[in-house]
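Peer 1: Starting off with a structure, shown below.
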Amino acid sequence: MGMKLSLTEAFNNIYDIAGVRCVCPYIKDVYLIRDRILSQDDVQIIEIKDYIASPKPNGYRSLHMIIRVPVYFMNKKQMIPVELQIRTTAMDLWASLEHDIKYKTLSKKEKSLDAQEVDFEEELLAAAELIYAAQQKLEILNSIIE
C-alpha cells in the first residue's frame, strides 16, 4: 500500500484497531442506534456504509460505521478509530452461517472431495433474500403491536 511502518501511519490509515458488533431485533433499532451515535458530540464520524439499504452482491446486510471515540489515558485524551457493525439478529444469523459455509466449501475444494456441484453464491444470495423477507414481515408485526 506504500505506507511507512510507523505509529503515525497506522493511526492515520488503520480504522479497525477496535471493533464492536451490535446486534438488535429490528431494522428500526439499527437506525436508532446510528442516530444516537451521530448525535454524540464526542464521537467523530469517519465513514458510514449502509449495506441494509444497498446489500452486498452476496446478500450481506449490515450498517458499518467507522468512528473515532475518545479514549482517556493518564495524561491525555486520544481519538481512537473503531469499526462499528450494527445489524439485526436475522442479519447476524445469515452472516455467521455464510462465513461457516464459505469456509467449509473452501476446505472441501482444497481437499478435492467429490461434492455435489452447487452454486453456493447463488444459494447464499437466495437465503439472504428469504431471511430479509422474514425480517420485514416481523417488522410489520412488531409495528402493529407497538
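What follows is calculated from the coordinates using simple rules that are stated; it is not laboratory data. In this text, all values refer to a predicted model and were calculated from it rather than measured experimentally. Cβ: placed from backbone, ideal geometry, glycine included. Neighbour counts: every protein chain shown.
Peer 1: Suppose a student asked you for the relative contact order of region 7-89, using Cα pairs under 8 Å spaced at least 6 residues apart; what percent would you report?
Peer 2: 40
Peer 1: Report for the chain the percent antiparallel among DSSP-assigned beta bridges with both residues inside it, nearest 5.
Peer 2: Approximately 70 percent, going by the DSSP bridge assignments.
Peer 1: Moving to a separate point now. Work through the residues other than residue 71 whose Cβ is under 12 Å from its Cβ and net out their charges, Lys, Arg +1 and Asp, Glu -1.
Peer 2: In short, +2.
Peer 1: Run the dipole for the chain about the Cα centre, Lys and Arg Cβ at +1, Asp and Glu Cβ at -1, nothing else charged, and hand back the magnitude in debye, nearest 20.
Peer 2: Result for the chain is approximately 560 debye, rounded to the nearest 20.
Peer 1: At 7 Å along the Cα-to-beta-carbon direction for both residue 40 and residue 3, put a label point, then send me their distance in nm to one decimal.
Peer 2: Between residue 40 and residue 3, the simple spin-label model gives 2.2 nm.
Peer 1: Sticking with this structure for a sec: What three numbers, in Å, describe the spread of the alpha carbons of the chain along their principal axes, ordered from the longest?
Peer 2: That works out to 60, 50, 24 Å along the principal axes.
Peer 1: Need one number: the % of Cα-Cα pairs in region 7-89 sitting beyond the 17 Å mark.
Peer 2: Every Cα pair in region 7-89 considered, those over 17 Å come to 51 percent.
Peer 1: What does the charge count near residue 28 come to, summing +1 for each Lys or Arg and -1 for each Asp or Glu among other residues with Cβ under 12 Å from its Cβ?
Peer 2: -3
Peer 1: Using the alpha-carbon atoms, what tilt in degrees (0 to 90, nearest 10) does helix 27-38 show relative to the longest principal axis of the chain?
Peer 2: Roughly 10 degrees between the two axes.
Peer 1: Net charge near residue 95: determine it from the other residues with C-beta under 9 Å of the C-beta of residue 95, scoring Lys and Arg +1 and Asp and Glu -1.
Peer 2: Result for the neighbourhood of residue 95: 0.
Peer 1: If packing is taken as the average number of other Cβ atoms within 10 Å across a peptide's residues, how do 126-132, 63-69 rank, most packed first?
Peer 2: 63-69, 126-132
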